[in-house]
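Everything below concerns the one structure shown next.
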Amino acid sequence: MVLMATLTACINQTGKDAHPELPEFPQTTASRLVVQKLFDHCQEIYYNDVAIVAYTGDTMIIYDLKNDRTKRIPAESFAYIEGYFVTKDTGNIYQGWDQVRFEGHPLRVIDEGPRFRSIADSISAVYAKSGDDGGAITDSLFNHYFYTRYRLHKDSIPFTVQVDADDFYIKTPEGLCIFLNIPYCLEAAISPAVIRKPRVQSAVKPQLQKVPAGGPSSSRFKKFDYAMMRKHWTSGGGSNHYVGALPVFAEYGYYYYEFLVGNISGKFKIPGNSDPFFDLATISPGQFLTTRGGSIYRVSVKP
């Protein structure tokens, strides 16, 4: 506490807004430019010229560009797999939403947890008096069973996507299904980080692209200045009963942008971070969608 107080007294700094005349986004200096926030708190965004699909952590949003319609699907888990957006709702029901019509289809789920526990119990009973729980044998037997039952090639890693903590899509001849309660031994066997084998790739071409983290930046919006408004020491978190949180030096300020949309130019400022704008789709010559910092905006030009 003494260290924090000392640092606070010595280092805290404040600055000035370099351009107080500029409005904060989504307001701009161009009266003909209208910016409307459509969605917020997006953790993942996928896009093409037909639709935008976003995941907020508890909801999948499907936005139909041509018809200006929005569908919201409750989703505790979310993944884009082999042409389907896969969701798990609060009732632990998995559905797949196809990437063309975005129609929902119940997905087959297979729980292999009971099979693993059955093998483990049998092996444990055999080794009870030896002091060895037979864990290595259990793992080997289960993996052999799984690879044989689902006709997986032993010399390669199947195409796999983790959907939830212990739930995985594993590409098998069974078709699109989710395997529940995958034990760690199988998870390790299908992980490229653990097993050095060729990995089977998906043959299904995605129709939507994922917005990349950190850019590239939209050519319509360009930063031209920055002003530090405040520098201060703050708690970095991570403390426990024995060790206090270490202080972290934080900075907050304004980023200033200029833009050119068609023949409309102007400026604005954004507080906080320097996340870039990324353009998603052009709806018409005077209207497009862009995203920044987990929010999706519709930008349009008044006639």
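What follows draws every value from the coordinates through simple rules; no lab data is involved. Note that the coordinates shown come from a computational prediction; the quantities given were computed from them, not determined experimentally. Note that each Cβ is placed from the backbone with ideal geometry, even for glycine, and that neighbours are counted across all protein chains shown.
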(request) Lys and Arg at +1, Asp and Glu at -1: add these up for the other residues within a Cβ distance under 9 Å of Phe142 and post the number. (result) -1
(request) Give the Rg (one decimal place) followed by the Dmax (whole number) of the range 110-189, computed from C-alpha coordinates and expressed in Å. (result) 13.4, 43
(message) What does the extension gain come out to for Tyr226 and Glu103, with contour length at 0.36 nm per residue minus their alpha carbon separation?
(response) 39.7 nm
(request) Can you find, among Leu152, Ile123, Phe179, the residue farthest towards the positive end of the dipole of the range 110-189? Put +1 on the C-beta of Lys and Arg, -1 on that of Asp and Glu. (result) Leu152
(request) Would you mind working out the magnitude of the charge dipole of the range 94-186 relative to its Cα centre, with +1 at each Lys and Arg C-beta and -1 at each Asp and Glu C-beta, to the nearest 20 Debye? (result) 300
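For the chain, with only Lys/Arg (+1) and Asp/Glu (-1) charged at the beta-carbon, what is the dipole magnitude about the Cα centre, in debye rounded to 20? Display every interim value, and only then the final one.
On the way: 32 positive and 31 negative charges, 178 e Å.
Around 860 debye, computed over the chain.
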(request) Compute the distance in nm between two label points, each set 7 Å from the Cα along the Cα-to-Cβ direction, one at Arg115 and one at Ser284. (result) 5.5
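Checking a compactness column here: for the range 49-106, what do you get for Rg(Cα) / (2.2 N^0.38 Å), N being the number of residues? Don't skip to the end; give the middle numbers.
On the way: Rg = 10.8 Å, N = 58, 2.2 N^0.38 = 10.3 Å.
Compactness ratio reported: 1.04.
Provide the gained length on full extension for the span Ala125 to Ile264, in nm with one decimal, where the gain is 0.36 nm per separating residue minus the Cα-Cα distance.
Length difference between fully extended and current span is 42.4 nm.
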(message) Can you tell me the orientation of helix 2-11 relative to the chain, as the angle in degrees between its alpha-carbon axis and the longest Cα principal axis, to the nearest 10?
(response) 40
(request) With Rg and Dmax of the Cα atoms in Å defined as stated, name the option among (i) 21.8, 72; (ii) 23.0, 78; (iii) 25.9, 85 computed from the structure displayed. (result) (iii)
(message) Name the residue from Ala54, Gly104, Asn67 whose Cα lies farthest towards the positive end of the charge dipole of the range 49-106, charges +1 on Cβ of Lys and Arg and -1 on Cβ of Asp and Glu.
(response) Asn67
(message) From the convex hull of the Cα coordinates of the range 96-155, what is the mean projected area in square nanometres?
(response) 6.1
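Dividing the alpha-carbon Rg of the range 1-160 by 2.2 N^0.38 Å yields what? Let's see the in-between values first.
On the way: Rg = 27.0 Å, N = 160, 2.2 N^0.38 = 15.1 Å.
That ratio works out to 1.78.
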(request) Using Cα centres only, tell me the gap between the range 210-232 and the range 245-303 in whole Å. (result) 8
